[in-house]
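The values are calculated or read from the model by the stated rules, or taken from the named source; none is laboratory data. Predicted model, so just to flag it, every value in this text is computed and none were measured. Here Cβ is always computed from backbone atoms with ideal geometry, including for glycine, and neighbour counts include all displayed protein chains.
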Amino acid sequence: NAGVTQTPKFRILKIGQSMTLQCTQDMNHNYMYWYRQDPGMGLKLIYYSVGAGITDKGEVPNGYNVSRSTTEDFPLRLELAAPSQTSVYFCASSNYDRAHFGSGTRLTVV
Amino acid sequence: AQSVTQLDSHVSVSEGTPVLLRCNYSSSYSPSLFWYVQHPNKGLQLLLKYTSAATLVKGINGFEAEFKKSETSFHLTKPSAHMSDAAEYFCVVSLFSGGYNKLIFGAGTRLAVHP
């Protein structure tokens with residue numbers, strides 16, 4: 001059981017570039033989430049999904065987009081990268097009992 | 001409104017001494033409570049969870065936490081710190097709200113363990 005898999009682990013983007021952070025889970029969880037973690041802060045929710053075809057905004061959605069075409073995959077899209085998006089990004093999936101987290105993507109925008 | 005407050009941003013202990021990481025929560029409902037640990041450059045790992053069964057919860061690696069409803073607290077303890085316990089610890093409240101399982105994170109406590 002791989003759990004939650006995120007790719008890439010590290011990425012450096014130039015201002016204005018775009019990229020997609022990939023997230024896949026193999027636990028058949030309906031709920032999936034994207035968080036960002038800034039230094040000294042807890043995790044802030046960007047977007048979440050309660051099932052295939054259903055997504056909604058979290059606390060800090062500006063500058064991001066998501067899609068959920070399958071139960072397994074929940075990619076996060078940055079269209080025009082900005083320095084404020086430099087952060088560590090975590091994908092998670094959950095049932096009612098606990099959340100499982102990926103190992104994170106460290107993104108730097110220069 | 002639901003919130004989680006971790007009372008210490010940094011805690012420093014000597015190896016072999018007790019660990020106490022403090023967490024207070026605010027919730028209108030009976031929450032589920034979790035502690036997660038994050039080692040450097042790693043993802044988050046579940047330490048333990050409280051889901052309205054026993055108020056004293058035992059987790060992995062010798063950690064435990066006590067749910068005290070009267071104090072709205074869920075402090076994490078360990079009798080004897082090990083060097084490998086050095087990490088960031090997050091207290092998390094989970095509640096079903098707005099149609100999804102909402103996770104509210106504390107700001108984290110960084111635990112340093114000295115020889």
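Miscellaneous remarks
- Number of positions in segment A:60-110 that are of a type in the set (Val, Ile, Thr) and part of a loop (DSSP other than H, G, I, E, B): 5
- First in segment A:16-39 and within 16 Å of A:Ser84 (Cβ to Cβ), second anywhere and not in a strand (DSSP E or B), Cβ under 6 Å, 6 or more apart: A:Gly16/A:Leu80; A:Gln17/A:Ala81; A:Ser18/A:Glu79
- Any hit, segment B:63-81, residues being at pLDDT below 90, within 14 Å of chain A (Cβ to nearest Cβ) and over 10 Å from the mean Cα position of the chain (by Cα): no
- Within segment A:15-51, considering residues that are within 14 Å of another protein chain (Cβ to nearest Cβ) and not in a strand (DSSP E or B), the one surrounded by the fewest Cβ atoms within 10 Å (Cβ to Cβ): A:Pro39
- In segment A:81-110, of all residues being within 17 Å of A:Thr71 (Cα to Cα) and of a type in the set (A, V, I, L, M, F, W, C), the one that is farthest from the other protein chains (Cβ to nearest Cβ) corresponds to A:Cys91.
- Extreme residue, modelled with the highest pLDDT, among residues of segment B:24-45 that are within 12 Å of chain A (Cβ to nearest Cβ) and over 20 Å from B:Met83 (Cα atoms): B:Phe34
- Criterion (more than 11 Å from every other protein chain (Cβ to nearest Cβ) and buried (at least 19 other Cβ atoms within 10 Å of the Cβ)) met by exactly one of B:Leu21, B:Leu56, B:Leu48: B:Leu21
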